[in-house]
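Worksheet: the structure to be examined is printed underneath.
Any read-out appearing in this document is the output of simple, stated calculations on the displayed coordinates, not a laboratory observation. All values reported here derive from a predicted model rather than from experimental measurement. A quick note on method: Cβ atoms are made from the backbone with ideal geometry, for glycine too, and the neighbour counts reach across all protein chains shown.
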Amino acid sequence: MTTLATEPGLVVWWVWVVAAVGWLSVLAFSSRPLVGPGKVVRWVLSSWLSRFLLVAAWWVVGWHIFCQRP
Amino acid sequence: MAALLSAAAIWLSTWQGELSRDSTGARRSVEVIGAAAIVAMVALGWRRRPGSSRAWAAGTVRVTGGWRDQPNARLISLLVWCLLIAGVIGWDLFSFLVQSPSFPTLSTLIGHVSRHPIGRGLLFGSWLVVGVYAVAGCRSAPRR
């Protein structure tokens, strides 16, 4: 029986999780002027169009998770 | 005001946790919250309105086009962000197209959490927090 933990697709998801955590750690401890998540979010929120698209994407994700998933 | 909103969000998340995806309450609440988010975004951002969309797009194109002139630290971090975001979206799309239990989509993984009332409630609370940040993020911008 294949367990959830050994599925190849799941392993790739774990790789992305580790990569994201590693990158956030680099951002937290690096003294170099890197672009952090706050700057990325502020960039997205800095115009009406991008802000509206972000809110629309947020709503679609909510609809999918709470009205389509179990 | 913040305490009242927090209490309302906790009550809403607890209530939502008990609902199923097919229930009218789940659908109506997500619809109403979405409409309220759009209204609140416009109302809160009206006087502190962000820059024009055209200027935003032009600035983005200018920065992307002049990538050679960017400082190394900035260039590397932008590349890593692009890689992470494109990688997650690409892998999710690939898993969706393959349609195999061996390649679960992000949606399937979230479904393992949202099928339990506590997980559904916590996810709903997190979704609300992200929405509030996206809607009210303009409050940090200077008033024009």
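Only helices at least 20 Å long along their own axis, judged from Cα atoms, and with Kyte-Doolittle mean hydropathy of 0.0 or greater: name those in chain A from DSSP H.
A:8-29, A:48-67
So what is log10(I(q)/I(0)) for the stretch B:32-107 at q = 0.15, 0.17 1/Å, when the Debye sum runs over its Cα atoms only?
Debye curve over Cα of the stretch B:32-107, log10 I(q)/I(0) at q = 0.15, 0.17 Å⁻¹: -0.91, -0.95.
Sum up the charges of everything whose Cβ sits under 11 Å from the Cβ of A:Pro33, counting Lys and Arg as +1 and Asp and Glu as -1, but leave A:Pro33 out.
So the surrounding residues net to +3.
Quick check: the distance between the Cα centres of chain A and the stretch B:18-85, to the nearest angstrom?
13
Where in chain B are the DSSP H helices whose alpha-carbon span along the long axis reaches 30 Å or more and whose Kyte-Doolittle mean is at least 1.0?
B:24-45, B:72-98
Taking one equal scatterer on every alpha-carbon of chain A, how large is log10 of I(q)/I(0) by Debye at q = 0.19 1/Å?
-1.01
State the percent of C-alpha pairs, over all pairs in the protein assembly as shown, separated by a distance greater than 25 angstrom.
52
Would you work out the relative contact order for chain B, in percent, from Cα pairs under 8 angstrom that are 6 or more residues apart?
It rounds to 51 percent for chain B.
For the pair B:Ile76/A:Ala56, report the inter-label distance in nm, with labels modelled 7 Å from Cα in the Cβ direction.
3.7
Relative to the compact globular guide of 2.2 N^0.38 Å, what is the alpha carbon radius of gyration of chain B, as a ratio?
1.36
In which sequence would B:Asp22, B:Asp92 go, from the one with the fewest C-beta neighbours within 10 Å to the one with the most?
B:Asp22, B:Asp92
For chain B, with only Lys/Arg (+1) and Asp/Glu (-1) charged at the beta-carbon, what is the dipole magnitude about the Cα centre, in debye rounded to 20?
Roughly 740 debye, rounded to the nearest 20.
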